[in-house]
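Working notes, structure below.
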Amino acid sequence: MGKRRRARELAVQVLFHLEYTDDHPDEAFELICTHFGASDSIQGFSKELVSGVMAYKEELDHRIRKASKNWRIERMSRVDRCVLRLATFEILFREDIPPKVSIDEAVELGKKFGSEDSAAFINGILDNIYNTWLRETGHKGEDEG
């Protein structure tokens, strides 16, 4: 498994922890890294992701709400919500990561950490977010060259 995949898994674990506590994200990050023995090689990227999600959480939640017809974000499983926030952050704010990679990684995170329906649920919402982002920004999809 690649370093970025492991870094995303760590980020989801930190974000999931923050769903249950009022800990400061930096404290939560250190706690989870210590608890799970996270290697130094993945911590930098993972911390960037957690910090980005926390900084843009309101906007991310707004995007997820708009894309998830018939699902209130508060009613989603915490794991799915964390994965969706992470991938939405990558799509909107990380130009160094192709959106399709973010979506594929999120689907894999859903398979690993979520329920049997998580992967399809996550894929559907992120596809909607990605297509909306394409329309808003005028970007061409990766398949359109």
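No lab work stands behind these numbers, since they all come straight from the coordinates. What you see is a predicted model, and the numbers here were worked out from it, not measured in a lab. Positions of Cβ are backbone-derived with ideal geometry, glycine not excepted, and every protein chain shown enters the neighbour counts.
Descriptive notes on the structure:
- On the basis of the beta-carbon distance and an R0 of 22 Å, Glu74 and Asp23 show a calculated FRET efficiency of 0.60.
- Dipole of the stretch 1-100 [Lys/Arg +1, Asp/Glu -1 at C-beta], most positive-end residue of Ser46, Val83, His17: Val83
- Here the stretch 3-137 is assigned +1 on the Cβ of each Lys and Arg and -1 on the Cβ of each Asp and Glu. Its dipole about the Cα centre then comes out at about 480 debye.
- Stretch gain in nm, segment Glu95-Lys3, where the contour uses 0.36 nm per residue and the Cα spacing is subtracted: 31.3 nm
- The ellipsoid equivalent to the alpha-carbon distribution of the chain has semi-axes of 24, 17, 14 angstrom, derived from the gyration tensor eigenvalues as √(5λ) and listed largest first.
- Along principal axes, Cα extents of the stretch 1-80, largest first, whole Å: 40, 28, 20
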